[in-house]
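The block underneath contains the structure these notes are about, expressed in structure tokens.
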Amino acid sequence: MKGKKGLLIVLSGPSGVGKGTVRKAIFSKEDTEYEYSISVTTRKPRQGEMDGVDYFFKSREEFERMIERGELLEYAEYVGNYYGTPVDYVRKTLDAGKDVFLEIEVQGAKQVREKFPEGLFIFLVPPSLRELKSRITGRGTETEEIIQNRMQAAKEELLLMNLYDYVVVNDKIESACNTINAIVKAEHCRRERVEKIYKEMLGVHE
Ligand code: 5GP
């Protein structure tokens, strides 16, 4: 359909929730039609990781130059390293009518929401409330202080949900992937999105 721009899909969530595993599972399928936006990072490659496939590996100086030149859609410092999304690739791919998929941590997702409010923001959460409770209370031997700290951390994570359109539970990888794919499909059918395309096509100006 003429004028159809791709959808910017952002998968984020608290650390350790399994965003990377879910993303890899989605892209391991041959019929996945989203384009994965490869991030830039200053962290060292792990065993088996390849430059230009898993990440674009850069020095801190190179990364800071990219920030100065405005080449990143968002970036964040996470556990002592920079991570960022090259803006050029995202814009060009969306303009070509293809969906772009970002898998990024929460500070970066917040920046994307500000720049691309029309994107689709998905928050991945840990498996179950029971697990959350047992993580917080431990084996019943934790001090009150530890429990309070864990409660506080869990509350902060939960509040981050605010910025997102959908919440997906990462119980089983396969089922989380299917849910994400279903959300993207539904999002493409949203009246607001479809209407905009039709109006452009028919030259309707309001
Ligand atoms: P890892 O070092 O394990 O590959 O990734 C660490 C964290 O960085 C993960 O939570 C991952 O989602 C996040 N991350 C990867 N690429 C980007 C990016 O381009 N921007 C931001 N903000 N976070 C990213």
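Quick notes
- Using only side-chain charges placed at the Cβ, +1 for Lys and Arg and -1 for Asp and Glu, the dipole size of the chain relative to its Cα centre rounds to 340 debye.
- Among the GluC sites (Glu not before Pro) within segment 48-85, those in coil by DSSP and having at most 14 neighbouring Cβ atoms inside 10 Å are GLU49.
- Projected over all directions and averaged, the alpha-carbon convex hull of segment 1-140 occupies 10.9 nm².
- Share of Cα-Cα pairs in segment 137-206 lying beyond 18 Å, as whole percent: 66 percent
- In the chain, helical runs assigned H by DSSP with n ≥ 4 each contribute -39500 (n - 2.57); averaged across all residues and rounded to the nearest 500, the mean residue ellipticity at 222 nm is -13500 deg cm²/dmol.
- Sorted peptide list for 183-189, 144-150, criterion being average Cβ within 10 angstrom, highest first: 183-189, 144-150
- Structure remark: mean-square fluctuation, Gaussian network model of the chain, C-alpha springs under 10 Å; the largest value among THR85, THR41, THR32 belongs to THR32.
- Residue pairs, from the table LYS58/LYS155; LYS5/LYS29; LYS98/LYS196; LYS24/LYS199; LYS5/LYS44; LYS19/LYS155, whose Cα atoms sit over 27 Å apart: LYS58/LYS155; LYS24/LYS199; LYS5/LYS44
- Of all the options ARG130, ARG91, ARG43, the one that moves most in a Gaussian network model of the chain with Cα springs shorter than 10 angstrom is ARG130.
- Counting only protein heavy atoms and a 1.4 Å probe, the chain has 62 square angstrom of accessible area per residue.
- Distance from segment 57-96 to segment 100-122 (C-alpha centre basis), Å: 14 Å
- Alpha carbon convex hull of segment 25-98, volume per residue in cubic angstrom: 104 Å³
- Virtual spin-label span in nm between ASN181 and GLU114, 7 Å along Cα→Cβ: 3.5 nm
- The chain, accessible surface, carbon-and-sulfur percent (1.4 angstrom probe): 52 percent
- For ASN170, the residues whose modelled amide H falls within less than 5 Å of its own, excluding neighbours fewer than 5 places apart on the same chain, are VAL125.
- For a paramagnetic label modelled on ILE173 (point 7 Å from Cα along Cα→Cβ), amide N atoms under 12 Å away belong, within segment 1-39, to 18-29.
The values are calculated or read from the model by the stated rules, or taken from the named source; none is laboratory data. No experiment lies behind these values; they were computed from the predicted model shown. Backbone-built Cβ (ideal geometry, glycine too); neighbour counts: all protein chains shown. SASA here: full protein model, heavy atoms, side chains in, ligands and nucleic acids out. Shrake-Rupley method; radii C 1.70, N 1.55, O 1.52, S 1.80 Å.
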